[in-house]
Amino acid sequence: MRGKVSIFAGLAAALAFGAPAFALPIDDLPRLVTNAGHRALIVDGAPYLMLGAQANNSSNWPAQLPMVWPAIDALGANTLEIPVSWEQVEPVEGQFDFSYVDTLIDQARAHHKRLVLLWFGTWKNNSPSYTPQWVKTDNARFPRVIDKSGDRKPSLSPMFEETLKADARAFATLMRHLKAVDSQHTVIMMQVENETGTYGSVRDYSATATKLFNGPVPEALIAARHLHPGTWTEVFGTNADEFFHAWYVSRFVDQVAAAGKAELDLPMYVNAALRDPVKYQDPVTYSSGGPTWNVLDIWKAGAPHIDIIGPDIYMPDTSSYLATLKSYDRADNPLFVPETGRGYEYGRYLYSVLGRGGIGFSPFGMDYTKEANDPAMIPPDAATRLEPFSANYHLIAPIAREWARWALDGEVWGVSEPDDRSAQSLDLGRWTATVTYGMPAFGNAGYPANFKPVPRNPQGAEGGILVARLGPDEFLVTGRMARIEFSPKPLTGKHMQFLRVEEGTFVDGKWVMHHLWNGDQTDWGLNLSTVPRILKVTLATY
Ligand code: DGJ
């Protein structure tokens, strides 16, 4: 049986006896697993950390791919997220052309990269712009959302069977094709639609939709959320319009995903255009019905075939970014950031995502196609644009498999430099770690004579630290532009001493020491700079 039972049994046994986990056949399907609330994406039978990068929207053509791979290679990403659009695979109804998909998979293998395919179908940033012309031009068969005033919005309505049937058939045909051509699972995960929902109308106000809106909330939602039955307005009050739309969009997407999984059971996720995580926003001003933080419970009930809801984070300030990570990191939702801004200041948040046990991270617009949809963020020199993502990916790549395994065991920590550069504290059980930014290699504020804080990189904050437990007093530490210091817990008058600080790396799963750190390298805490360094630290008290 390929099912989850054998996987979990294998995992439990391996964790119990310290043996290597997941003795699965190499050709087994990628999947998500959970261990006591901690998650991993399993690829080739072992936990996989997705150091991702998403190509630009119009890079999904063979002619564009030569400008995509060099950026992905230079970044050190292990996974490319790239669209497969409905218009390109089914330009004529019922006639499919997967030549682009085949080219893409061949090239990914040649570049030793995995793929996440983004199904641009009924929704792409709320609109049907990537549907075939035979869909776009037939509003009678594929109705659009009607707003309160009776006007048509760009968005297709989720209420209509023909739209669902056509989209689900195309997606299922794609998955059947993948099953035929991708036995080695170069494609590890699928995104179903892109930033669903509707801008400019909270729901579909067509006669068909309104009739359902005036009826009872479906039993499945009532049961899933333990609600008292009633009409949408009776059950959800002022949220009724938005929750109604979210339910029908989620049901639509779930059925597309289910049709695809019936052909090939890969992990599937949706990405979310965000509602402000802190300030109130009227749903008419964001993509209403999409999986914004306030409707995650509706989506979880409506779309059980969707394994992950991932936030597309384009808010570089620390409080918005961290609030968003917190709201999408739930017991029923593994943390995965399928898109984030490509500006310099976004790179540091990889540390926060990994510290929460996230399964992956992927900046958007990472290719050399020179698409100018975001001109302010594209410095002339393409290599510069990849910083600091590339620096972080190159730092972490050698330990990516190990990190994913430690995250599944639940003993990882990570923080990124906050906008105000304040110090952060990590609770490591018997130890507390303090992470500070702007510290020079020597000294601290307590010794002002030789203390000269390092100014922040004018391009933006870039610091971050990762810690994983290797033993009761032994930790793996890495990071960038940050200092980490340790103190024993509780503070019983004892002091911390480094027993041993090794710099090295993992090779084929085994730690290989390069040299020891001591003296100036440890007297003022462990200072990580822009030079990639991985440390194995053993602590003791005196
Ligand atoms: C979020 C969308 O999901 C992407 O496809 C893209 O449109 C970016 N926004 C902005 O460039």
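Worth a mention:
- Qualifying positions in the stretch 256-273 - farther than 19 Å from PHE120 by Cβ and either within 20 Å of the chain's Cα centre (by Cα) or without any contact (Cβ under 8 Å) to a residue 12 or more places away in the chain (or both): ASP265
- Here the strands (runs of 3 or more DSSP E) wholly within the stretch 455-500 that include at least 1 residues being among the hydroxyl-bearing types (Ser, Thr, Tyr) are 474-480, 482-488.
- For the stretch 118-162, the candidate set comprises residues that are touching a helix residue (DSSP H, G or I) at 6+ places or on another chain (Cβ under 6 Å) and aliphatic (A, V, I, L, M); within that set, the residue that is surrounded by the most Cβ atoms within 10 Å (Cβ to Cβ) is LEU156.
- Index of the failed condition, GLU263 passing every other in (1) under 29 Å from VAL116 (Cβ atoms); (2) crowded, with 22+ Cβ neighbours inside 10 Å: (2)
- Residue among LEU499, LEU539, LEU491, LEU516 that is among the hydrophobic types (A, V, I, L, M, F, W, C) and modelled with pLDDT under 95: LEU491
- Residue check: PRO154 meets all listed conditions (1) within 21 Å of ALA258 (Cα to Cα); (2) within 16 Å of the ligand (Cβ to nearest atom) but one, namely (1).
- Scope the stretch 311-338; condition within 16 Å of the ligand (Cβ to nearest atom), among the hydrophobic types (A, V, I, L, M, F, W, C) and either touching a residue at least 40 places away in the same chain (Cβ under 8 Å) or surrounded by fewer than 24 Cβ atoms within 10 Å (Cβ to Cβ) (or both); matching residues: MET315, PHE336
- Among the candidates ARG469, ARG456, residue that is of a type in the set (D, E, K, R), without any contact (Cβ under 8 Å) to a residue 40 or more places away in the chain and surrounded by 14 or more Cβ atoms within 10 Å (Cβ to Cβ): ARG456
- Restricted to helices (runs of 4 or more DSSP H) entirely inside the stretch 50-143, those with at least 3 residues that are within 16 Å of the ligand (Cβ to nearest atom) are 86-89.
- Residue selected from the stretch 27-55 under the condition touching a helix residue (DSSP H, G or I) at 6+ places or on another chain (Cβ under 9 Å) and not hydrophobic (A, V, I, L, M, F, W, C), by the criterion surrounded by the most Cβ atoms within 10 Å (Cβ to Cβ): PRO47
- The residues of the stretch 504-541 that are among the charged types (D, E, K, R) and either at positive phi or surrounded by 15 or more Cβ atoms within 10 Å (Cβ to Cβ) (or both), listed by number, are ASP508, ARG533, LYS536.
- Scope the stretch 173-226; condition surrounded by 15 or more Cβ atoms within 10 Å (Cβ to Cβ) and among the small types (Gly, Ala, Ser); matching residues: GLY197, GLY200, SER201, SER206, ALA209, ALA224
- Number of residues in the stretch 180-227 that are among the acidic types (Asp, Glu) and away from the ligand (no atom under 16 Å from the Cβ): the value is 3.
The values are calculated or read from the model by the stated rules, or taken from the named source; none is laboratory data. Worth saying up front: this structure is predicted, and the values here are computed from it rather than measured. Heads up, the Cβs are rebuilt from the backbone with ideal geometry, glycines too, and the neighbour counts pull from every protein chain shown.
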